[in-house]
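Enquirer: I have a structure I would like to understand better, so I am pasting it below and will then ask my questions one at a time.
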């Protein structure tokens, strides 16, 4: 395993195959490195392997072959996976999975039961709910909270044992845009203030663009990784992958003229690309 960088997640030639007859390669030779303190999104279409990757990283599923290291620990050598998960990895799912008969405070206490004294457990749960902005909702049942508030409780619960890593599988999937943006702002703040590493699986480009790095998957493979830039940089990246964007980058004068775009307009647009995405643009001969 690499020792040059503090990887909190490192996978080596990771494979996960399902089925005895017609096999499905959910993960296919996945090599991923995530540093401690990162905020990373994993994107891809349904069936691309992103949730399987999260489950394997979180020791909820076993790889068919390959290696997984979490915070320097080889998952294959860890016997007590439950104890490992409780102390090292927090989980946030699309469905909050809160216990309906317990208050927000009691739900946050659940992962700490059996680990710390009741008084310390209660104190920690209160501090976490205050941290996620729910100091006034501690005694409320899940049914008395909004969707966004329930997910905030789920985030607080994921942080209960102070894990260095939190894995979030479509955490905004059941939220409206406003509540989803609020939740991502919360993850940003926790990442900054607590130093917690977050890996967020999402199909929503808007959510992915609120992280700092995006890992794109397809057919069980990592096909691309992008660092997130400014809003204009991200808009230009999306536009550059469109047919019109590609024609501008390639300086396809004939095609652009047919669309009513003059050489001067093309040069102006290309200059904007040069100023914001110079490293991403191909070189052209004049």
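The values are calculated or read from the model by the stated rules, or taken from the named source; none is laboratory data. Not measured: the values here are computed from a predicted model. Glycine also receives a Cβ, built like all others from the backbone with ideal geometry; neighbour counts cover every protein chain displayed.
Enquirer: Out of 158, 125, I need the residue that is in contact (Cβ under 8 Å) with a residue 24 or more places away in the chain and in contact with a helix residue (DSSP H, G or I) (Cβ under 6 Å, 6 or more places away or on another chain). Which one?
Expert: 125
Enquirer: Going through 158, 135, 168, 104 one at a time, which residue ends up being surrounded by fewer than 17 Cβ atoms within 10 Å (Cβ to Cβ) and either within 30 Å of residue 56 (Cβ to Cβ) or more than 18 Å from the chain's Cα centre (by Cα) (or both)?
Expert: 135
Enquirer: Next up: What about residue 92, is it crowded, with 21+ Cβ neighbours inside 10 Å, in the same structural domain as residue 133 (by TED's automatic domain parsing) and at pLDDT 95 or above?
Expert: Criteria not met by residue 92.
Enquirer: Can you tell me which of 55, 97, 80 is surrounded by fewer than 15 Cβ atoms within 10 Å (Cβ to Cβ) and within 25 Å of residue 173 (Cα to Cα)?
Expert: None of the others qualify; the one that does is 97.
Enquirer: Name the residue, out of 126, 139, that is over 30 Å from residue 203 (Cβ atoms) and outside any helix (DSSP H, G or I).
Expert: Values: 126 fails: outside any helix (DSSP H, G or I).
Matching residue, one of 126, 139: 139.
Enquirer: Spot the failing condition for residue 120; the list is (1) part of a helix (DSSP H, G or I); (2) surrounded by 15 or more Cβ atoms within 10 Å (Cβ to Cβ), and only one is missed.
Expert: Unmet for residue 120, out of (1) part of a helix (DSSP H, G or I); (2) surrounded by 15 or more Cβ atoms within 10 Å (Cβ to Cβ): (2).
Enquirer: Further question: Report, by residue number, each residue of segment 188-218 that is over 21 Å from residue 37 (Cα atoms) and surrounded by 14 or more Cβ atoms within 10 Å (Cβ to Cβ).
Expert: 203, 204, 217, 218
Enquirer: Can I ask one more? Of all the residues that make up segment 189-207, how many are within 25 Å of residue 48 (Cβ to Cβ) and outside any loop (DSSP other than H, G, I, E, B)?
Expert: 9
Enquirer: Then there's this: Provide a single number: the residues in segment 229-256 that are in a loop (DSSP other than H, G, I, E, B) and either assigned by TED's automatic domain parsing to the domain that holds residue 14 or at pLDDT below 70 (or both).
Expert: Residues of segment 229-256 in a loop (DSSP other than H, G, I, E, B): 229-230, 241-242, 250-252.
With either assigned by TED's automatic domain parsing to the domain that holds residue 14 or at pLDDT below 70 (or both) added as a condition, the list becomes 229-230, 241-242.
Result for segment 229-256: 4.
Enquirer: While we're looking at this one, here's another question. Given the condition assigned to a helix (DSSP H, G or I), over 18 Å from the mean Cα position of the chain (by Cα), without any contact (Cβ under 8 Å) to a residue 24 or more places away in the chain and more than 13 Å from residue 98 (Cβ to Cβ), answer yes or no: does some residue in segment 142-153 qualify?
Expert: Checking segment 142-153: not a single residue is assigned to a helix (DSSP H, G or I), over 18 Å from the mean Cα position of the chain (by Cα), without any contact (Cβ under 8 Å) to a residue 24 or more places away in the chain and more than 13 Å from residue 98 (Cβ to Cβ).
Enquirer: Taking residue 175 and the conditions (1) in contact (Cβ under 8 Å) with a residue 60 or more places away in the chain; (2) part of a loop (DSSP other than H, G, I, E, B); (3) touching a helix residue (DSSP H, G or I) at 6+ places or on another chain (Cβ under 8 Å), which numbered condition does it fall short on, given that it satisfies the others?
Expert: (1)
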